[in-house]
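The values are calculated or read from the model by the stated rules, or taken from the named source; none is laboratory data. Everything numeric here is computed off the predicted structure, so don't read it as measured data. No Cβ is skipped: glycine too gets one built from the backbone with ideal geometry, and neighbour counts run over all protein chains shown.
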Amino acid sequence: MSHTITHSRVYGLNLSIDRLVSNLLLAQLNVAVDVTVHFLENAESIRTLHQLGWQRQFPAVEQESGGVEVWQNSSSLLLRYRRTTESVLEFFLDREGTQVQILKPPCIPESDAISFLLGPVLGCVLRLRQQICLHASVLVWQGQAFMLVGPKGSGKSTTAAALLQQGAALLADDVAVFSRRYNAFEVEAGYPQLRLMLAPIRSLGYSSERLQPVLSVGEKCYVPLNSQKSWNFYEKACPLACVYLLKERQKHSDIPVIEQLNQSSALLKLTPHSYTKYMLDDEARQREFYFLGQLVNKLPVRTVSNPSGLDFLSQISQVILHDFQSVLKER
């Protein structure tokens, strides 16, 4: 069976995917492909891959990576996502980070495989290619980027949505991929969709009808940008100017407060937000720690107290933009 080939650019990588994938940035014509993505359908190829002598790479990886099993042999990695004992989604990666082969059982929708691909699977590919990645949302204001980092449930994507309402543009949601250019810390563009729960979507005045779920068993949906009346996407890499660490939501607070962190505190608080950190060996961890040390030495890192409740979203976004404006004036 023949399939449509999608040529797209995500996180600074040119992808060739043998499926039609909507809402991705199109890659430029005649540009070399960095990563080829192929859905496995040939039974003989599948048998061959399963017979390659896989060994478990990380004994306790499920607790570190949200249910991912990482297996390896001399030439490849295998990522397994188990929904049930019989329902397993598998991604085969070469060691160079140039090829992804997907084995999907009939009971799992193709859209689920694409969602995993755009998140942790490409995160692993980027790690194989020695890229630094953080779990964060990144926005652009007046040609400069700022990053929202925080623990699970702190509202990174929800705050990003409120900032879009104020006129900021989304650069990346969930994964921040770094490149060093001209002595600047640049973040690569992700894809023009924001992943949100239904409650913030509705509270911000948008309809949740016909939105595609991120996963068929989850509660988040993709909100396509540039189709909403004021939500824009920034399509190229952008230099980072500031990092905001969202604190856990404060139930008894109604005023967002921003505070500057010193360099040592900033480094200690930023390091745990490494993306797909289960892929890092000791050398890669040292390299990332050094990179983040350089980042906090050059850029301001600030905490944001985060009042609980969707009613405070507009206020929080305005406070962040007002602070970021002051950062830009000082540069």
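Please go through (1) surrounded by 14 or more Cβ atoms within 10 Å (Cβ to Cβ); (2) at negative phi for Thr276 and return the number of the only condition it doesn't satisfy.
(2) is the only condition that Thr276 fails.
So, of the residues in segment 37-48 that are of a type outside the set (D, E, K, R) and under 20 Å from Phe116 (Cα atoms), which turns out to be modelled with the lowest pLDDT?
Ile46
Gln130 passes all but one of (1) more than 30 Å from Pro200 (Cβ to Cβ); (2) more than 19 Å from the chain's Cα centre (by Cα); which number fails?
(2)
Could you tell me how many of the residues in segment 58-109 are over 20 Å from the mean Cα position of the chain (by Cα), at pLDDT below 90, surrounded by fewer than 16 Cβ atoms within 10 Å (Cβ to Cβ) and within 18 Å of Met279 (Cα to Cα)?
5
Mind counting the residues in segment 155-178 that are closer than 20 Å to Gln193 by Cβ and either of a type outside the set (A, V, I, L, M) or without any contact (Cβ under 8 Å) to a residue 60 or more places away in the chain (or both)?
Residues flagged as closer than 20 Å to Gln193 by Cβ and either of a type outside the set (A, V, I, L, M) or without any contact (Cβ under 8 Å) to a residue 60 or more places away in the chain (or both) within segment 155-178 amount to 11.
Within segment 279-302, take every residue that is farther than 24 Å from Asn262 by Cβ and touching a residue at least 60 places away in the same chain (Cβ under 8 Å) and give me the one that is surrounded by the most Cβ atoms within 10 Å (Cβ to Cβ).
Met279
I want to confirm something. Restricting to segment 133-148 and keeping residues that are surrounded by 23 or more Cβ atoms within 10 Å (Cβ to Cβ) and under 14 Å from the mean Cα position of the chain (by Cα), which single residue is nearest to Ala284 (Cα to Cα)?
Cys133
For segment 167-177, indicate whether the set of residues that are modelled with pLDDT under 90 and either farther than 15 Å from Ala136 by Cβ or among the polar types (S, T, N, Q) (or both) is non-empty.
Within segment 167-177, not a single residue is modelled with pLDDT under 90 and either farther than 15 Å from Ala136 by Cβ or among the polar types (S, T, N, Q) (or both).
For the subset of segment 34-51 comprising residues that are of a type in the set (D, E, K, R) and part of a helix (DSSP H, G or I), which member is surrounded by the most Cβ atoms within 10 Å (Cβ to Cβ)?
Only one residue tops the list, namely Arg47.
Is it the case, given these coordinates, that Val175 is surrounded by 15 or more Cβ atoms within 10 Å (Cβ to Cβ) and within 30 Å of Trp71 (Cβ to Cβ)?
yes
Restricting attention to segment 156-172, which residues are touching a helix residue (DSSP H, G or I) at 6+ places or on another chain (Cβ under 8 Å) and crowded, with 21+ Cβ neighbours inside 10 Å?
Across segment 156-172, the qualifying residues are Thr158, Thr159, Ala161, Ala162, Leu163, Ala168, Leu170.
Just to be sure, is Ser305 buried (at least 20 other Cβ atoms within 10 Å of the Cβ), over 30 Å from Ala113 (Cα atoms) and in contact (Cβ under 8 Å) with a residue 12 or more places away in the chain?
No; evaluated as a whole, the condition is false for this residue.
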